[in-house]
Structure formats: structure tokens, C-alpha cells
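**Q** Can you keep this structure in mind? I'll have questions shortly.
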Ligand code: UDX
């Protein structure tokens, strides 16, 4: 059992804290927001994440998990301190490291024993060295920084913490690396041990590669539309090649969220700073931006949107099972619709509150029926189960004019067409997905 302090109670910090407490460590999480800490102390999670509240409450009850705004309480006398603060997009797409620097300075200021600092935040190559330098220059303690990037997906964070594909631990001081590796023994996940810089880069390389897969399949979808092929059939046929793999080949209106756009830009910017032009990633980002326009381009072909057209935007979160709207393609879609003067009603089962911060004056509903009632056009932005499980009848009964632009290929085009819906999706040019396979 270790005594662990964690700087930052965002997605990464909170999930890490709760899961390390769950396997028996004593964890104290620190945040500057009194409000957030009060909520967490009362056993209420500040993020929407299946299974998190129960685990949070259990570990608070069993006194392994504590929350504080007092950095002495969080850092003093600990075996390890995790840095899990945000690294938002800064100037020229660079990762803004000011919160990481502040955490390192606070550690130097507070800690009196030798310490292992574990960096969970997504940080550019060289940041762990910087953390060591800051702490050494501002204190007399000995410090070893270990890079331990986080790969959890929002909406699956608890599952990923216990069943991830790998744990990456990078460090140049073997005893410190072994101590961090020992923390993860109960998780039964393969550990990849590397030098510090490689571990830092693995995180960016992984996210940028997944983003690349998505932009690639989106370009294939565009070719499908021109040639009459079906992108789902192409993705299936490609993905069965184990070297390619079936995941992250779902065409749509582009990726969003707090990681892919930010991390792809940060890797591009980090490369440029090192004197290297990462050409491919510039294209990945450009394709993603163009893809955000796809539904509007299709709507324009049909002159679907005029001033006052009653328009339903279905889904605001950047993906299902989260209330996170950061960099969601819905933001771009709503801006375009507003430019055209559409009369918009926006639906999401859980993310409307988050979107209100971006578009305070928009009309929102958490009822799919209300969003579609009397609508002349609907745009599907997030593939929520609540949307996917509907039949064509559901739309024709509620909508004034059943015209649907689906950015997540939630329905079979043939079924929608025979159900009386003018249905346009991504990369399928009206074709149903027909493929048979012998096993
Ligand atoms: C991602 C990484 O998956 C995770 O390992 C990392 O730690 C953080 O970033 P997350 O942002 O939670 O996780 O979402 P993810 O499920 O990866 O989806 C990202 C975006 O890509 C979403 O907008 C999603 O709709 C889109 N996407 C994903 C596609 O358009 N097609 C796909 O095939 C997969």
C-alpha cells in the first residue's frame, strides 16, 4: 500500500485516484476548486462516467480516498505524487504546460521527503525532465519523474482502467520505475517499460494514429460517395485484415473531444518546434475540418435550409455515453445552421447543460420527440442509442418533412428510404450495406 497524492481531479486525475484507491492505496486528490472538492467529498462525481460514482462512494466510505484543496494535505509525506492537471491547447497548437509547471513548483514548495512524481497528463517530450528540473532547482529534495500516460476513453474510463491494452511506464531511474510498475500489479494489464521520452511520445503517437485512421476512412467515404461504393463494406473488408484492424474505421462527420484535436495539433507543433514538419498530421486535421462540413454540403445540394427552417440537431456530445461537448462536431454544425438563419432545436439526452456554455440562447430539449415534432430537417451528430433504436415510422410521424442528414450512419439507407424518409448519410450513396461472408 502506498500513500499517493494526485494533482488535478479532471477526467484523468479523478479516475486514476478512484481506481488506485479501489486496489488498496491511500489516495488524496487535490484541486483548486472548492466547489468541485465539496461535491467529490459528498460522493458525487464531477464528470459523467458509468460506474464512477459507486466506486467513488465506496472508497470514501472505506477511508482510502480523500479530497482536498490544501496542497500540504495532498503532497506532504507521500510516496508518490501524480500530476494529472490539464494541458490545454496553447499558442500555435502547443500544449500549454502552465498547470504542470505550477504543480511542480507546488511540490517543491511543500514536500520535504524524496519523492517520485508520476506524470499522467499528456505532455510533450522533455516535460518530465522539466518537472525534475523545477523541483530540484526550487528545493533540496531528490526527485525522480516517471512518465505514465493515460489511455482511457471517456464513457469507458473505469473499464479501461482495469482492462486496458497496456500500461506505459517511462523513466530513467529503475527503482522509481519499478515502484510505479508495482502499483499496477493488481490491474493485470501488460506493462510497457521505456525511457521517459519514448513514453511521453507514445501517448501523442497513439492518439494521432487513431485520428489518422478516422480521417483516412472519412476520405474513403468521400470516394465511396463519388463512385457508388459503400464505406461500411469497404471498412469491414479492410478491417478483417489483422494488420489493419476493425476499430476506428467508422466514417462520420469527423472526430472531436478533448484529446484527438488537441493532441494531433500538439504533436504537429512539437515536431515543428524540433525542426520537423509532420506533413501527414496537417492533412489529418484538414480532412477532419472539411468533414465537419459534410452534412451542410449535402443539405445545400437539396436547398434544405432557409431562414426559419425548423431544424432538429440530434446529439451534442462529441460521442455517445458522455456529456462532454468539447470540440464536438455539433458546435460547427450549429454555427453553420445559425449562419443560415435556421430555427434550431437541439437534442441530447445528457449534454445540453454543457452546450449551454457555448450557445446560451439556443433552444434545447432532452426529449427526442420534442426535437423532431414539426421539424422539416434533422441532422444526426451523435450516435446515441436513443436515436439509433428508432424506426423510420418514429421520424415520419413526428416530422413535418422527413428529411434526415445522418453524420454517424445510424440507419440502413434502404430501410429509411422504403420507410418514406429522404435519408442522406456518410459514404453510402443511398446503398444499404450488403456483404456476406463465409466463415
Ligand atoms: C481518445 C482515445 O481513444 C483515448 O485512448 C485517449 O486516452 C483519449 O482520446 P476519447 O476522446 O474519449 O478517447 O474518444 P474516442 O472514443 O477515442 O473517440 C474520439 C472521437 O473520434 C469521437 O468524436 C468519435 O465519434 C470519433 N470516432 C471514433 C470516429 O469518428 N470514428 C471511429 O471509428 C472512432
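The values are calculated or read from the model by the stated rules, or taken from the named source; none is laboratory data. As the structure is a prediction and not an experimental result, all values here were calculated from the model. Positions of Cβ are generated from backbone atoms using ideal geometry, with glycine treated the same way; all protein chains shown enter the neighbour counts.
**Q** If you take the residues in the stretch 144-167 that are without any contact (Cβ under 8 Å) to a residue 40 or more places away in the chain and under 18 Å from residue 123 (Cα atoms), which one is nearest to the chain's Cα centre (by Cα)?
**A** 153
**Q** Do any helices (runs of 4 or more DSSP H) lying entirely in the stretch 355-411 carry at least 1 residues that are within 16 Å of the ligand (Cβ to nearest atom) and either within 24 Å of the chain's Cα centre (by Cα) or closer than 24 Å to residue 300 by Cβ (or both), and which ones are they? Steps first, answer last, please.
**A** Numbers: elements: 368-372, 385-388, 392-398.
Counting at least 1 such residues, we get 385-388.
**Q** Would you confirm whether or not the stretch 240-254 contains a residue that is part of a helix (DSSP H, G or I), modelled with pLDDT of 95 or more and in contact with a helix residue (DSSP H, G or I) (Cβ under 9 Å, 6 or more places away or on another chain)? Before the answer, list the steps.
**A** The initial filter retains those residues of the stretch 240-254 that are part of a helix (DSSP H, G or I), namely none.
Looking for residues that are part of a helix (DSSP H, G or I), modelled with pLDDT of 95 or more and in contact with a helix residue (DSSP H, G or I) (Cβ under 9 Å, 6 or more places away or on another chain), one finds none in the stretch 240-254, hence no.
**Q** Go through the stretch 233-244 and give me each residue that's within 20 Å of residue 407 (Cα to Cα) and either away from the ligand (no atom under 13 Å from the Cβ) or over 23 Å from the mean Cα position of the chain (by Cα) (or both).
**A** 233, 234, 236 - these are the residues of the stretch 233-244 that are within 20 Å of residue 407 (Cα to Cα) and either away from the ligand (no atom under 13 Å from the Cβ) or over 23 Å from the mean Cα position of the chain (by Cα) (or both).
**Q** Which one is nearest to the chain's Cα centre (by Cα), of the residues in the stretch 33-67 that are in a loop (DSSP other than H, G, I, E, B) and under 19 Å from residue 5 (Cβ atoms)? Quick ask: steps written out before the conclusion?
**A** Restricting attention to the stretch 33-67, the residues satisfying the condition of being in a loop (DSSP other than H, G, I, E, B) are 33, 42-51, 62-64.
From what is left, the residues that are under 19 Å from residue 5 (Cβ atoms) are 33, 46, 62-64.
Numbers: 33: 22, 46: 16, 62: 31, 63: 30, 64: 28 Å.
Of everything passing the filter in the stretch 33-67, 46 is nearest to the chain's Cα centre (by Cα).
**Q** Here is a follow-up. For the structure I just gave you, tell me whether residue 348 is within 23 Å of residue 389 (Cα to Cα), in contact with a helix residue (DSSP H, G or I) (Cβ under 9 Å, 6 or more places away or on another chain) and buried (at least 23 other Cβ atoms within 10 Å of the Cβ).
**A** In short, yes.
**Q** Continuing with the same structure: Report whether or not residue 32 is surrounded by 15 or more Cβ atoms within 10 Å (Cβ to Cβ) and touching a residue at least 12 places away in the same chain (Cβ under 8 Å).
**A** It is false that residue 32 is surrounded by 15 or more Cβ atoms within 10 Å (Cβ to Cβ) and touching a residue at least 12 places away in the same chain (Cβ under 8 Å).
**Q** Next question, about the same structure. Can you tell me which residue among 218, 207 is surrounded by 24 or more Cβ atoms within 10 Å (Cβ to Cβ), assigned to a helix (DSSP H, G or I), within 10 Å of the ligand (Cβ to nearest atom) and within 19 Å of the chain's Cα centre (by Cα)? Show your work before the answer.
**A** Values: 207 fails: surrounded by 24 or more Cβ atoms within 10 Å (Cβ to Cβ).
Being surrounded by 24 or more Cβ atoms within 10 Å (Cβ to Cβ), assigned to a helix (DSSP H, G or I), within 10 Å of the ligand (Cβ to nearest atom) and within 19 Å of the chain's Cα centre (by Cα) holds for just one of 218, 207, which is 218.
**Q** Can you tell me which condition residue 299 does not meet? The list is (1) out of contact with any helix residue (DSSP H, G or I) (no Cβ under 7 Å at 6 or more places or on another chain); (2) assigned to a helix (DSSP H, G or I); (3) within 16 Å of the ligand (Cβ to nearest atom); (4) under 22 Å from residue 328 (Cβ atoms), and all the others hold.
**A** It is condition (3) that residue 299 fails.
**Q** All but one of (1) at pLDDT 95 or above; (2) within 12 Å of the ligand (Cβ to nearest atom) hold for residue 314; state the number of the condition that does not hold.
**A** (2)
**Q** Which of the residues spanning the stretch 36-57 are buried (at least 18 other Cβ atoms within 10 Å of the Cβ) and farther than 17 Å from residue 324 by Cβ?
**A** Of everything in the stretch 36-57, those that are buried (at least 18 other Cβ atoms within 10 Å of the Cβ) and farther than 17 Å from residue 324 by Cβ turn out to be 37, 40, 55, 56.
**Q** Scan the stretch 186-204 for residues that are closer than 13 Å to residue 147 by Cβ, within 16 Å of the ligand (Cβ to nearest atom) and not in a helix (DSSP H, G or I) and report the count.
**A** 1
**Q** If you check every pair at least six apart or on different chains, which have Cβ atoms under 6 Å apart with a residue in the stretch 268-279 that is modelled with pLDDT of 95 or more first and a residue that is loosely packed, with under 12 Cβ neighbours inside 10 Å second?
**A** So the pair list comes out as 269/92.
**Q** In the set 291, 247, which member is within 13 Å of the ligand (Cβ to nearest atom) and surrounded by fewer than 20 Cβ atoms within 10 Å (Cβ to Cβ)?
**A** 247
**Q** For the stretch 136-148, which residues satisfy the criterion of being over 16 Å from residue 80 (Cβ atoms) and either near the ligand (Cβ under 8 Å from one of its atoms) or touching a strand residue (DSSP E or B) at 6+ places or on another chain (Cβ under 8 Å) (or both)?
**A** The answer is 136, and nothing else.
**Q** Determine which single condition residue 264 fails, assuming it passes every other condition in (1) assigned to a loop (DSSP other than H, G, I, E, B); (2) touching a helix residue (DSSP H, G or I) at 6+ places or on another chain (Cβ under 7 Å); (3) buried (at least 18 other Cβ atoms within 10 Å of the Cβ).
**A** (1)
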